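The values are calculated or read from the model by the stated rules, or taken from the named source; none is laboratory data. All figures in this text were calculated on a predicted structure; none of them were measured in a lab. Positions of Cβ are backbone-derived with ideal geometry, glycine not excepted, and every protein chain shown enters the neighbour counts. Keep in mind that these areas ignore ligands, DNA and RNA; they rest on the heavy atoms of the full protein, side chains included. Shrake-Rupley method; radii C 1.70, N 1.55, O 1.52, S 1.80 Å.
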Amino acid sequence: MPILRYFSGKCCYKYQLRQKINYLDNVAKRRWLGSNLPRDLMVGAVGANFNAAYEDFMVAHMLTGFKGSRLFYHLLLDFEAGLLSPYQVRLVGLSQCLYLQGLGAMYAWGIHCIPHPHMHVVINSVLPVEGKKLQIRKGNVVEHKIWANKVLLHHKLPLISMWQDDTYLEAIE
């Protein structure tokens, strides 16, 4: 069954943000069927330049006065092993991330193939255009799951469970 799971990054520091963004670009995680997949297809960003995502995220925080201690959210879009290729994960995952664009979010993403194709998204906790903090609450997770399920239904894929326990929202990684 597909998973859409947010990790809050509640006690995150600048070095952790940099580590998360670097983790998206882990070449060892892009290995698929004996080959390294092309970087330009497996990582990217919206509202930022992937190669300068850390700096872009921090500028947005600086411009808003570093309100709060949360610098980012980490989103995992996971699919059953063997269900999708990395290229299909890219198509479906980026469609599911259109929900974030609707919020005005800035984010960086990466597709990993180990242990099976899935997508990680690091979302800036500041909405750069509005200059406000992004608040991901349980209602937002439900809305995102509804959006994601519409995408999955369109692609004739299994749906995300709406009944999955959301206590992970406040978990510290």
Accessible-area ranking of R18, R90, largest first, probe 1.4 Å: R18, R90
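For R39, what is the net charge nearby, where nearby means another residue's Cβ is under 13 Å from its Cβ and Lys, Arg count +1, Asp, Glu -1? Spell out each step's value before the answer.
Values: positive: K29, R30, R31, R90; negative: D25, D40.
Net charge around R39: +2.
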Choice from S85, S125, S35 with maximal GNM fluctuation in the chain (Cα, 10 Å cutoff): S35
Whole-percent carbon and sulfur share, accessible surface of the stretch 1-127, 1.4 Å: 58 percent
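To the nearest 500 deg cm²/dmol, what mean residue ellipticity at 222 nm is calculated for the chain from DSSP H runs of n ≥ 4 alone, each contributing -39,500 (n - 2.57), summed and divided by the residues? Mind showing how you got there, number by number?
On the way: 6 runs with 60 residues, N = 173.
Estimated from H runs of four or more residues: -10000 deg cm²/dmol.
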Reachable lysines from K132, criterion Cα separation under 19 angstrom, eight or more residues apart if same chain: K10, K14, K67
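State the percent of C-alpha pairs, over all pairs in the stretch 1-79, separated by a distance greater than 15 angstrom.
On the way: 2003 of 3081 pairs.
In whole percent, the long-distance tail amounts to 65.
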Accessible area in the full protein assembly, largest first, 1.4 Å probe, for V129, V46: V129, V46
Per-residue SASA entry for M1, accessible area with 1.4 Å probe, Å² rounded to 10: 120 Å²
Whole-Hz couplings from phi, Karplus 6.51/-1.76/1.60, listed for the stretch 42-47; x for Gly and Pro: 9, 9, x, 8, 10, x
Angle in degrees between helix 14-24 and the longest Cα principal axis of the chain, rounded to the nearest 10: 20 degrees
Accessible area (Å², per residue) of the chain, counting only protein heavy atoms and a probe of 1.4 Å: 50 Å²
Projected area averaged over orientations for the chain, convex hull of C-alpha atoms, nm²: 9.3 nm²
Sites Y15 and V129, calculated FRET efficiency, Cβ-Cβ separation with R0 35 Å, nearest 0.05: 0.85
S125 long-range amide H proximity, modeled H, under 5 Å: F72, Y73
Euclidean distance of C-alpha centroids, the stretch 109-142 and the stretch 15-73, integer Å: 11 Å
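Report the calculated FRET efficiency for H154 and Q101 (r = Cβ-Cβ distance, R0 = 22 Å), to the nearest 0.05.
Values: r = 17 Å, r/R0 = 0.78.
E between H154 and Q101, to the nearest 0.05, is 0.80.
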Cα gyration tensor shape for the stretch 95-138, rounded if a/c is under 1.5, else prolate or oblate: prolate
12 Å reach of a label modelled at A81, 7 Å along Cα-to-Cβ, counting backbone N of the stretch 108-130: 114-117
Note, ³J(HN,Hα) from phi for the stretch 120-132, Karplus 6.51, -1.76, 1.60, rounded to Hz, x at Gly and Pro: 10, 10, 9, 10, 5, 7, 10, 8, x, 6, 7, x, 10
Top of L71, L41, L159 by mean-square fluctuation, Gaussian network on the chain, Cα under 10 Å: L41
